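Worksheet: the structure to be examined is printed underneath.
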Ligand code: MEV
């Protein structure tokens, strides 16, 4: 029986979150924690999903009703990706999809975008359809917009292309950035953030103080572009300072929290060159960079401040057929 296995990396936002939703740049890196997914033939004319990590043992939907009616949120990205695929490529074969993530969805590593990219890539492989990265990005981004309504698509780009990317809203720019390995520490705050809620919170602030928020987005964009140059030169000192400044703007936008700030300050006091929240804010993870000599102290400081250090490597490869 035909069985396809694919994997796609999770991501970490390096700089530029929130501004990237509103026509600006960000820097994102793919991490070596991957979403793995297998897709096999299913003799029935249905989509079957098994995703034990989110409590889905057996979910089944007839092809005729896929994408319609009630869709549990744990399978929404998979079902909508399958639906868009069968509509786009006019195929009607039933499949069974099983997910095997290497990371918990609570970290904010982009499990929804990684799973969406995996489903589309596995389906094209299964049906022997050639798909380039741009088409894969465009399809997966449509799915994300359909399910969650908002988002820049940076997480989809990381899952498709891998590496470290300069990204502009909706993938108008997706540019690989080469550097030495980032000396990165990641600390989980213990709180799961809801991206859409935080995007709305920033939009509400923008409605009230549009000039201030717009100029903040522009300032964030400027520091992202400088950080890109620093990254290419492996100039961690400049990169770290720009991370710290970006954190200041995220405070202004109201998306940091006491817990994130305490992990960020603990990292800085332990010698981090730069530390900031990563992603939507409100919880999820913070990131820090430091010299090799300080990394151990930064790890300990984050743990002592109540964070969970998650060992990751940056610039992981994009979606791959295993
Ligand atoms: C969320 O991880 C990052 C945001 O910029 C949303 C997005 O870019 O889709 C807040």
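The numbers here are math on the coordinates, done by the rules we state, and not lab data. Owing to the predicted nature of the structure, the values given are computational and were not obtained by experimental measurement. Backbone-built Cβ (ideal geometry, glycine too); neighbour counts: all protein chains shown.
Exposure proxy check: 239, 167 ranked by fewest other beta carbons within 10 Å?
Lowest to highest Cβ neighbour count: 239, 167.
If the viscosity is 1.002 mPa s and the temperature 20 °C, what translational diffusion coefficient in µm²/s does Stokes-Einstein give for segment 1-126 when Rh comes from Kirkwood over Cα pairs?
140
Name the most mobile residue of 274, 69, 307, meaning the one with the largest mean-square fluctuation, in a Gaussian network model of the chain with Cα contacts below 10 Å.
Evaluated over the chain, the most mobile residue of the options is 69.
With a ≥ b ≥ c taken as the square roots of the eigenvalues of the C-alpha gyration tensor of segment 206-311, please select rounded if a/c is under 1.5 and otherwise prolate if a/b is larger than b/c or oblate if it is not?
oblate
Mind pulling the angle between the C-alpha long axis of helix 236-253 and the longest principal axis of the chain? Nearest 10 degrees, somewhere in 0 to 90.
80
Kindly put 142, 2 in sequence by how many other C-beta atoms sit within 10 Å of each C-beta, fewest to most.
2, 142
What residues from segment 133-173 fall in the zone where the backbone N is under 20 Å from a label point 7 Å along the Cα-to-C-beta line of residue 32?
Within reach of a label on residue 32, which here means backbone N under 20 Å from a point 7 Å along Cα→Cβ, segment 133-173 contributes 158-165.
Cut-off 15 Å, label point 7 angstrom out along Cα-to-Cβ of residue 129: give me the residues of segment 84-102 whose amide nitrogen falls inside.
Answer for segment 84-102: 84-95.
Nearest 10 degrees, 0 to 90: what angle lies between the long axis of helix 76-89 and the longest principal axis of the chain (Cα atoms)?
With both axes taken from Cα atoms, the answer is about 60 degrees.
Using the alpha-carbon centroid of each, what span in Å lies between segment 99-123 and segment 142-195?
Answer, in whole Å: 13.
What percentages, rounded to whole numbers, describe P(r) for segment 43-186 computed over all alpha carbon pairs with 10 Å bin width beginning at zero?
Once binned at 10 Å, the Cα pair distances of segment 43-186 give 11, 41, 35, 12, 2.
Classify segment 185-259: rounded, prolate or oblate, from the alpha-carbon gyration tensor (a ≥ b ≥ c, eigenvalue square roots; a/c under 1.5 rounded; otherwise prolate if a/b is larger than b/c)?
In terms of gyration-tensor shape, oblate.
Please report, in cubic angstrom per residue, the volume enclosed by the convex hull of the alpha-carbon atoms of the chain.
Taking the convex hull of the Cα positions in the chain, it is 122 Å³ per residue.
Just check segment 128-252 against the gyration tensor rule for me: Cα atoms, a ≥ b ≥ c as the square roots of the eigenvalues, rounded for a/c under 1.5, and otherwise prolate or oblate depending on whether a/b exceeds b/c.
Values: a/c = 1.69, a/b = 1.09, b/c = 1.55.
Oblate, because a/c is 1.5 or more while a/b does not exceed b/c.
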